[in-house]
Amino acid sequence: MAETSDGDIDYGESALIARLQAGDADAYADLVRTQGPRMLAVARRILRADDDAADAVQEAFISAFRAIGNFEGGAKLSTWLHRIVVNASLMRLRNRTRRPEVSIDELLPRFEDGQHVDEPREWRSPEPLDALERRETRQLVRSLIDELPTDYRTVLMLRDIEGLDTKETAELLGVTPNAAKIRLHRARLALRTKLDPHMRERGAT
Amino acid sequence: MNCRECTDFLHDYLAGDLPESQQRVFEGHLELCPPCLTFLESYRKTVKHCEHVKDEPADALPESLVKAILAARSTPR
């Protein structure tokens, strides 16, 4: 039985799963229309190209349709589908030819005798007040993330944006949890460097 | 602890994974080092900005994609 976050049985979701497992065509159409938009957004974030993202979503749904018979309802459908589309997107990403990339080292903070070389500046709050500022900030952050070297961009996406935990992320990337943690930390440091000129308190030099 | 070491521990500190003795040393450094305190805040805000990327609205799937997905389901393997 599908459960809601507070442990109550979600009869709506359980009924949908039963219809899917019985091969009900309308149930499949419902699933694609309700879950598809979020899945496409995830694929677009990971792949940065709309055609590839659409293909990844299609592959994800096909995998899901094949596996629905084994779905036991222990997790929410949306969580299960989220994992499938993340996986499908990562596989496409892996198959792309790599372009030459900037080294992460150039983006990490510098130290001399153990102390900061570049004095850190105060940042303004990440909570902008209106919808336009929120959208512009999101677009800026996304474009700067897209400039990171691929391996670092991917781990940042999976952990801090898609919300996967260290263990899941490490498994998907084929590295140890400790390696995933270190890579994430360096990705965050690199993104911080890129964001810094845009985020300083207004009026600061 | 110096600033370089303090920076190395940021991830674990924010995740609540630093052993207590190390946490005390870390926080002791922050009390004496305004640059590292400022750096920690900007690191924390960087993570917050990443979390907000998810807030972008999800547009409806193009109808052509919906049809392609449902057609692929009906296609025998």
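The values are calculated or read from the model by the stated rules, or taken from the named source; none is laboratory data. On a predicted model such as this, the values are computed, not experimentally measured, just so you know. Heads up, the Cβs are rebuilt from the backbone with ideal geometry, glycines too, and the neighbour counts pull from every protein chain shown. The accessibility values were calculated without ligands, DNA or RNA, using every heavy atom of the protein model including side chains. Shrake-Rupley method; radii C 1.70, N 1.55, O 1.52, S 1.80 Å.
A residue that is facing chain A (nearest Cβ under 9 Å), out of contact with any Ser or Thr (no Cβ under 6 Å at 6 or more places or on another chain) and in a loop (DSSP other than H, G, I, E, B) can be found somewhere in segment B:62-69. With respect to (1) touching a residue at least 60 places away in the same chain (Cβ under 8 Å); (2) open to solvent by 50 Å² or more (accessible area, probe 1.4 Å); (3) of a type outside the set (S, T, N, Q), the lone exception for A:Arg183 is condition (1).
Within segment A:18-54, the set of residues being more than 10 Å from chain B (Cβ to nearest Cβ), touching a residue at least 60 places away in the same chain (Cβ under 8 Å) and not basic (Lys, Arg) comprises just one member, A:Ile46. Taken together, A:Glu13, A:Glu59 contain a single residue that is open to solvent by 50 Å² or more (accessible area, probe 1.4 Å) and assigned to a helix (DSSP H, G or I), which is A:Glu59.
Kindly evaluate A:Ala18 against the criterion of being more than 20 Å from the chain's Cα centre (by Cα) and assigned to a helix (DSSP H, G or I).
Taking the combined requirement at face value, the residue satisfies it.
Within segment B:16-34, the residues that satisfy the criterion of being within 23 Å of A:Arg121 (Cα to Cα) and either among the hydrophobic types (A, V, I, L, M, F, W, C) or away from chain A (no Cβ under 12 Å) (or both) are B:Phe26, B:Glu27, B:Gly28, B:Leu30, B:Glu31, B:Leu32, B:Cys33. Being of a type outside the set (A, V, I, L, M, F, W, C) and open to solvent by less than 10 Å² (accessible area, probe 1.4 Å) holds for only one residue in A:Arg142, A:Arg153, and it is A:Arg153. Taking A:Met199, is it within 9 Å of chain B (Cβ to nearest Cβ), touching a strand residue (DSSP E or B) at 6+ places or on another chain (Cβ under 6 Å) and in contact (Cβ under 8 Å) with a residue 40 or more places away in the chain? So A:Met199 passes the test. Of all residues in segment A:175-205, those that are part of a helix (DSSP H, G or I) and not aliphatic (A, V, I, L, M) total 13.
The condition (being more than 11 Å from chain B (Cβ to nearest Cβ) and modelled with pLDDT of 95 or more) is satisfied by just one residue among A:Val102, A:Val57, A:Val86: A:Val86. Could you check segment A:153-174 and list, in sequence order, the residues that are of a type in the set (D, E, K, R), facing chain B (nearest Cβ under 9 Å) and in a helix (DSSP H, G or I)? Correct list: A:Arg159, A:Asp160.
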